[in-house]
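The values are calculated or read from the model by the stated rules, or taken from the named source; none is laboratory data. The model shown is predicted, which means the values in this text are computed figures rather than measured ones. Glycine gets a Cβ as well: all are built from the backbone with ideal geometry, and neighbour counts include every protein chain shown. Quick note on the areas: whole protein, heavy atoms, side chains included, nothing else; ligands and nucleic acids left out. Shrake-Rupley method; radii C 1.70, N 1.55, O 1.52, S 1.80 Å.
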Amino acid sequence: MSRRTSAAVPALLALAWLPAACQPPPARSAASPAAVDAVLAPLFVTASRPACTFAGPMAVTSRGEPEILLATADGTFSAVDPRTGATVWSATLPGLIPNLVAPPVVVGHRLVFAWQEVLPDWTRTAHHLGVLDLDARGLDPQFAPVTLAAQVPAADGGAPIDFVPAHAFSRAALVHANVPDRVLGLVYAGFGNVRDLQPWHGWLFEVDLDAWQAQGPVAAVTASMATTAATADCGPENGDGAKQMACGGGIWAAAGPAVIADPDSSDGFALLVPTGNGLLDPTRASFANSVLRVGRGLGFDPGCDGALCAGFDPAAPGDACAASCRRLFIPRLPPGQLAPAGPGGDCADATLLACYAKHDWDLGASSPVVVDLRAAGGPPARGLLQPGKDGALYLADADELGTLFDRAPLMPSCAEDGGTCTATWAGTIVTRPALASLDGETLALVPTFISDDLHPAGLRAVTIDVTGAAPVLRPRWQAPPAGDPAGLSGFRTAPGGVTVVDVDGEPFAALADPGASPAMLYWVRVRDGAVLQRVPLAGGGQRYAAPLAQDGILYVPSCARTGTPTFDEGPSVLEAFTIGTR
């Protein structure tokens, strides 16, 4: 889990625009016959805002006009003009200290969002859901705010498990699903915790927008689930659960769960929910460090074979048990593949999940994406791509989650062969892969980073080889390329998300590196991984948040990291670049 995320401190000095000392695009080669080369040119930098925008910019329409919406951690919504960055309107949440971190979701002309009430010491006292009317440009009176509460029975007969506001944190993006018997549909909100302080569990809430509108907030929440329901005994109050196989299972990946089509369900959809560190044991209804396939109503049966899973060992799940689970993906090693070495090589004698626990490498730090293998000429299946903090990309069957096709190690462990790892808990991948289509082939783009000074990091491209009996992941390129000093001086902390931009049929990728000095925007040609431009950012970039490409303009969020140690406190700006061709 992220060590800490908080609301803003008072505004600091405004950040000045730095010249965009962009490198000219390299010449095309026969090996990369791009039809066009796209280039970025600076358009504007907005006025400084006191708080960070963890959600990233959102394209919305208000009163028939296109706008870019920013939701900052201090509970302020600001709509800016797409071409000038000037503020068109703003709205602010009520409350003493609102804290808005989870990316909201747009549903028609409304924005559904989650926020937490905090005390001056950042203790969370309550968690709420609200609705913003984008046309009225204020809170929607048809949706009085919801205060979340839940309790589930313990699977092992212990005391019931309560949703404890002080031990929950909303970081994951809200997601929306249309269903045939509703007009507005359903929204799902996930929770983990900050610093993994016990007791904490992963929580997921189902919200019926139609019931909320018609019957008020008491009818809004139609289901809830705890991802770890083995027991309410999680150890001492405020004990550090980051490296324990107890409770946990937070839902905190910035991109949130994935909503996928499910033709076998009358509701037409399913959720793929990634969970973080804690107890993984399907025999005890505890599903940390895994991906859950959940439907409407949030009733969850992993579909595992009871006989094969008898005597389940959370540190060493049997492959036969894991393979039998229809609706639960458990990370594991393919035959012949070694576990990560770990920082300083200290996982040499540990199992994969024991190394996860030793270093707080929660699988649920990243979100999954689904790729249609049939379209690529592969087996009759959809592939689930799930990155891990262990530096690997997993490929499983999205319809039969127990089937692991492949695992591709993309990054070494931090300082595994010497040197110093400054953040062993950080891992090397925290993202959602972006997919790009190129000449009939699908490429998965995965941002990487590493907290040492020995290993290069950056953007990795991976293809799926479907020519054999089972799909196989094939790393294609890395950017910056091997030998480029920028791969060693930058990408030392988690980068932003990656966005694929189509320019006249040719894909390009945009990615911000907040760990560089100054923070840097990378513009990469997907065909061959060529870094076309490195653009210094006026602000500090923003980890996890992806740029937004809209109507020929790229919008990049930037947040200053302040304090001791440094956190995403603010101030923040939005930077915009036009996308042209040469």
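Checked against (1) out of contact with any Ser or Thr (no Cβ under 7 Å at 6 or more places or on another chain); (2) among the polar types (S, T, N, Q); (3) more than 24 Å from Glu65 (Cα to Cα), Gln550 passes all but a single condition, namely (3). With respect to the conditions (1) in a loop (DSSP other than H, G, I, E, B); (2) closer than 21 Å to Val221 by Cβ; (3) of a type outside the set (Phe, Trp, Tyr), Leu129 falls short on a single one, namely (1). Taking Pro495 as the residue in question, decide whether it is open to solvent by less than 10 Å² (accessible area, probe 1.4 Å), in a loop (DSSP other than H, G, I, E, B) and under 24 Å from Trp252 (Cα atoms). Yes, satisfied.
No other residue among Ala172, Ala168 is closer than 18 Å to Val291 by Cα, open to solvent by less than 20 Å² (accessible area, probe 1.4 Å) and among the hydrophobic types (A, V, I, L, M, F, W, C) apart from Ala172.
Against the numbered list (1) among the small types (Gly, Ala, Ser); (2) part of a loop (DSSP other than H, G, I, E, B); (3) surrounded by 24 or more Cβ atoms within 10 Å (Cβ to Cβ), Ala516 comes up short only at (3).
Can you tell me how many residues within region 342-355 are more than 25 Å from the chain's Cα centre (by Cα) and not in a helix (DSSP H, G or I)?
We begin by selecting, within region 342-355, every residue more than 25 Å from the chain's Cα centre (by Cα); these are 344-351.
Still in the list and also not in a helix (DSSP H, G or I): 346-351.
Adding up the residues that qualify gives 6.
If only residues of region 431-454 that are farther than 20 Å from Gln542 by Cβ and among the hydroxyl-bearing types (Ser, Thr, Tyr) are counted, the one that is least open to solvent (accessible area, probe 1.4 Å) is Thr442. Counting the residues of region 556-577 that are farther than 18 Å from Met58 by Cβ, surrounded by 14 or more Cβ atoms within 10 Å (Cβ to Cβ) and either small (Gly, Ala, Ser) or at pLDDT 90 or above (or both) gives 3. For Arg527, the conditions (1) at pLDDT 95 or above; (2) in contact with a Gly (Cβ under 7 Å, 6 or more places away or on another chain); (3) open to solvent by 10 Å² or more (accessible area, probe 1.4 Å) are fulfilled apart from (2). What residue, among those in region 423-448 that are β-branched (Val, Ile, Thr) and modelled with pLDDT of 95 or more, is nearest to Arg527 (Cα to Cα)? Out of the qualifying residues, it is Val446.
Of the residues that make up region 380-391, is at least one crowded, with 20+ Cβ neighbours inside 10 Å and on the phi > 0 side of the Ramachandran plot? Within region 380-391, one or more residues are crowded, with 20+ Cβ neighbours inside 10 Å and on the phi > 0 side of the Ramachandran plot.
Checking each residue in region 455-484 for being open to solvent by 10 Å² or more (accessible area, probe 1.4 Å), outside any strand (DSSP E or B) and at pLDDT below 95 picks out Val466, Thr467, Gly468, Ala469, Ala470, Ala482, Gly483. From the list Ala27, Ala51, Ala71, the lone residue that is aliphatic (A, V, I, L, M) and modelled with pLDDT of 95 or more is Ala71. Tell me, yes or no, whether region 73-92 has at least one residue that is more than 26 Å from Asn178 (Cβ to Cβ) and touching a His at 6+ places or on another chain (Cβ under 9 Å). Scanning region 73-92, I find no residue that is more than 26 Å from Asn178 (Cβ to Cβ) and touching a His at 6+ places or on another chain (Cβ under 9 Å), so the answer is no.
Scanning region 309-326 for residues that are in contact (Cβ under 8 Å) with a residue 12 or more places away in the chain, part of a loop (DSSP other than H, G, I, E, B) and either of a type in the set (Phe, Trp, Tyr) or surrounded by 16 or more Cβ atoms within 10 Å (Cβ to Cβ) (or both) returns Cys309, Phe312, Pro314, Pro317, Cys325, Arg326. Here Ser413 fulfils each of the conditions (1) surrounded by 18 or more Cβ atoms within 10 Å (Cβ to Cβ); (2) free of Cβ contacts under 8 Å to residues at least 40 places away in the same chain; (3) not charged (D, E, K, R) apart from (2). Selection of first residues in region 232-243 that are farther than 10 Å from Trp200 by Cα and of second residues that are of a type outside the set (A, V, I, L, M) and not in a loop (DSSP other than H, G, I, E, B), restricted to Cβ pairs under 8 Å at least 6 apart or on distinct chains, gives the following pairs, ordered by first then second residue: Ala242/Trp425; Lys243/Lys358; Lys243/His359.
Take region 247-306 and flag every residue that is among the aromatic types (Phe, Trp, Tyr) and either modelled with pLDDT of 95 or more or over 18 Å from Ala357 (Cβ atoms) (or both). If the condition is that a residue be among the aromatic types (Phe, Trp, Tyr) and either modelled with pLDDT of 95 or more or over 18 Å from Ala357 (Cβ atoms) (or both), then Phe269, Phe287, Phe300 are the ones that fit. Any residue in region 50-62 that is touching a residue at least 12 places away in the same chain (Cβ under 8 Å), open to solvent by 50 Å² or more (accessible area, probe 1.4 Å), among the small types (Gly, Ala, Ser) and part of a loop (DSSP other than H, G, I, E, B)? Within region 50-62, not a single residue is touching a residue at least 12 places away in the same chain (Cβ under 8 Å), open to solvent by 50 Å² or more (accessible area, probe 1.4 Å), among the small types (Gly, Ala, Ser) and part of a loop (DSSP other than H, G, I, E, B).
Against the conditions (1) open to solvent by less than 20 Å² (accessible area, probe 1.4 Å); (2) closer than 14 Å to Phe205 by Cβ; (3) assigned to a strand (DSSP E or B); (4) of a type outside the set (Asp, Glu), where does Ala102 fall short? Just the number, please. Just one mismatch for Ala102, condition (3).
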